[in-house]
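Okay, structure first, notes after.
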Amino acid sequence: MPDAPLPASAEAADRLAAVVALRRLADQLEDAAVEEAMRAGWGWPQVAEALGITRQAVHKKHAQRLIAAGVTLRRR
């Protein structure tokens, strides 16, 4: 694939800002979906499989926030 011309500095900054905004939105959507699933009785393995990550990774990322939100977490 040939190298694309580099965008002007302002364009690059705008594109990078858009990437940051999309990442933040994706994180917010993930947080809400994980919380909804856990409140519905899903376990860590099911959430992890749906996200395509390990259960340890999903637990590390979400457990503390879910506990603070009052979500009852299943052991298995």
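The values are calculated or read from the model by the stated rules, or taken from the named source; none is laboratory data. Fair warning: this is a prediction, and the values are worked out from it, not measured in the lab. Cβ sites come from the backbone with ideal geometry, for glycine too, and all protein chains shown count toward neighbours. Areas reflect the complete protein model, heavy atoms only, side chains present, ligands, DNA and RNA absent. Shrake-Rupley method; radii C 1.70, N 1.55, O 1.52, S 1.80 Å.
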Could you report the chain's accessible area per residue, 1.4 Å probe, as an integer in Å²?
80
On the accessible surface of the chain, probed at 1.4 Å with all protein chains in place, carbon and sulfur together account for a percent value of 58
Output needed: percent of Cα pairs per 5 Å distance bin for the chain, bins running from 0 to the one holding the longest distance.
3, 14, 20, 18, 10, 7, 8, 9, 6, 4, 1
Vicinal HN-Hα couplings computed from phi for region 31-44 (Karplus, 6.51 cos²θ - 1.76 cosθ + 1.60; Hz; Gly/Pro x)
4, 5, 5, 5, 4, 4, 5, 5, 5, 7, x, 5, x, 4
Residue by residue through region 17-26, which ³J(HN,Hα) values in whole Hz follow from phi under the Karplus form 6.51 cos²θ - 1.76 cosθ + 1.60 (θ = phi - 60°), with glycine and proline marked x?
4, 5, 4, 4, 4, 5, 4, 4, 4, 4
Can you tell me the dipole magnitude for the chain around its Cα centre, using point charges on the Cβ only (Lys, Arg +1; Asp, Glu -1), in Debye to the nearest 20?
620
